[in-house]
Amino acid sequence: MPPPPPRNLWSGPRSWPRPPLVADPDLTGWPDGVARHVLDRVDSTNAEAFRLAPHLSGPAWVLARKQEAGRGRRGRAWTDPPGNFAASLVLRPEGAAADAARLSFVAALSVHDALIALCGPHLNIALKWPNDVLLNGGKLSGILLESAGSGGQVSTLVIGIGVNLAAAPEASEVETQATRPVSLKGETGLIVTPDEFLDALAVAFDQWSRQMREFGFQPIRTAWLARAAKLGETITARTGGSETTGRFEGIDETGALILTTARGRTAIPAADIFFSGG
């Protein structure tokens, strides 16, 4: 019997020291026991990862030179010009959907560390809740988690990651008030190939996921907050037709956004985030 269709799990510039549990990353060498599939052309790396999942004995990365039907959160299209990074990691996690969803923060930290390892420590990167990576205040990367399972348990998890290494969509291609898209090359002049980025990303993800398995979510939460965009500032969380504006206080032990509003503190498990001025 084929697995059930995937469902979206998330409907989720300052310099800070690393948390004590995390040493400076050595992003060299491919992680043991992790497969690597590189395809010239694919509809969606997430879709291909789900097709591969029944035949895999362990984690695997799927990298596409060209992705023709990439997708972002809430079913939005993901523009993927040549030279940009489009890859998915397929896992068989143990635990409930909430546990799997927190790997979004692991993925964001991994993208951050891969960029720093390849481009240098002065790159102006920040993490936007729940799963975007910003460069110079613009959106450089997006992360999409999808899962299959039953009975509240996740049997297959796919983490799709897109990074604008070479080019960014035009502002007219994204929704009104969305964070402006940027590319690594456009903002810095640096050229990183998708293969180079995957090498660094796979090792960073392996290191951060080991941290979470050994110590739980707390060191991941601490590290993510140390890199968070607009922490302590006023932001707006939009879910469907409702909006909540308040001071961004952090994230809780589940990964939910914490805002302080005129009515007090509130936890928001899923939303799109908008900053003042876009």
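The values are calculated or read from the model by the stated rules, or taken from the named source; none is laboratory data. Because the structure is a prediction, the values reported are computed rather than measured. Please note: Cβ atoms are built from the backbone with ideal geometry, for glycine as well, and neighbour counts cover all protein chains shown.
Only one of (1) on the phi < 0 side of the Ramachandran plot; (2) touching a helix residue (DSSP H, G or I) at 6+ places or on another chain (Cβ under 7 Å); (3) modelled with pLDDT of 95 or more is not met by LEU115, so which one is it?
Among (1) on the phi < 0 side of the Ramachandran plot; (2) touching a helix residue (DSSP H, G or I) at 6+ places or on another chain (Cβ under 7 Å); (3) modelled with pLDDT of 95 or more, the lone unmet condition for LEU115 is (2).
Kindly check whether there is at least one residue in the range 159-179 that is surrounded by fewer than 19 Cβ atoms within 10 Å (Cβ to Cβ) and in contact with a Cys (Cβ under 7 Å, 6 or more places away or on another chain).
no
Answer yes or no: is there a residue in the range 105-114 that is aliphatic (A, V, I, L, M), more than 22 Å from ALA271 (Cβ to Cβ), assigned to a helix (DSSP H, G or I) and within 13 Å of the chain's Cα centre (by Cα).
If we filter the range 105-114 for residues that are aliphatic (A, V, I, L, M), which is where we start, we get 106-109, 111, 114.
Cutting the leftovers down to more than 22 Å from ALA271 (Cβ to Cβ) gives us 114.
With the extra rule that they be assigned to a helix (DSSP H, G or I), the set shrinks to 114.
Subsequent filtering for residues that are within 13 Å of the chain's Cα centre (by Cα) retains 114.
Checked the range 105-114: at least one residue is aliphatic (A, V, I, L, M), more than 22 Å from ALA271 (Cβ to Cβ), assigned to a helix (DSSP H, G or I) and within 13 Å of the chain's Cα centre (by Cα).
Does the range 239-256 hold any residues that are exposed (fewer than 15 other Cβ atoms within 10 Å of the Cβ) and of a type in the set (S, T, N, Q), and which are they?
Within the range 239-256, THR239, SER242, THR245, THR254 meet the criteria.
Here's a check for you: in the range 215-238, which residue that is among the β-branched types (Val, Ile, Thr) and under 19 Å from the mean Cα position of the chain (by Cα) is surrounded by the most Cβ atoms within 10 Å (Cβ to Cβ)?
Initially, the range 215-238 is screened for residues among the β-branched types (Val, Ile, Thr), giving 220, 222, 234-236.
If we keep only those that are under 19 Å from the mean Cα position of the chain (by Cα) as well, we get 220, 222.
Values: ILE220: 25, THR222: 16.
Once the filter is applied, the top-ranked residue is ILE220.
Working only within the range 100-152, note down all residues that are out of contact with any strand residue (DSSP E or B) (no Cβ under 9 Å at 6 or more places or on another chain) and within 14 Å of GLY255 (Cα to Cα).
ARG102
Within the range 219-246, track down each residue that is assigned to a strand (DSSP E or B), at pLDDT 95 or above and of a type in the set (Val, Ile, Thr).
Listed by number, the residues that qualify are THR234, ILE235, THR236, THR244, THR245.
How many residues does the range 107-118 hold that are of a type in the set (Val, Ile, Thr) and crowded, with 23+ Cβ neighbours inside 10 Å? Reasoning before the result, please.
The initial filter retains those residues of the range 107-118 that are of a type in the set (Val, Ile, Thr), namely 111, 116.
Keeping just the survivors that are crowded, with 23+ Cβ neighbours inside 10 Å gives 111.
Residues in the range 107-118 being of a type in the set (Val, Ile, Thr) and crowded, with 23+ Cβ neighbours inside 10 Å: 1 in total.
When the range 80-97 is examined, which residues are found to be assigned to a loop (DSSP other than H, G, I, E, B) and either surrounded by 13 or more Cβ atoms within 10 Å (Cβ to Cβ) or under 14 Å from the mean Cα position of the chain (by Cα) (or both)? Step through it out loud before you land on a result.
Here is the first cut: in the range 80-97, the ones assigned to a loop (DSSP other than H, G, I, E, B) are 80-84, 92-95.
Of everything in the range 80-97, those that are assigned to a loop (DSSP other than H, G, I, E, B) and either surrounded by 13 or more Cβ atoms within 10 Å (Cβ to Cβ) or under 14 Å from the mean Cα position of the chain (by Cα) (or both) turn out to be ASP80, PRO81, GLY83, ASN84, ARG92, PRO93.
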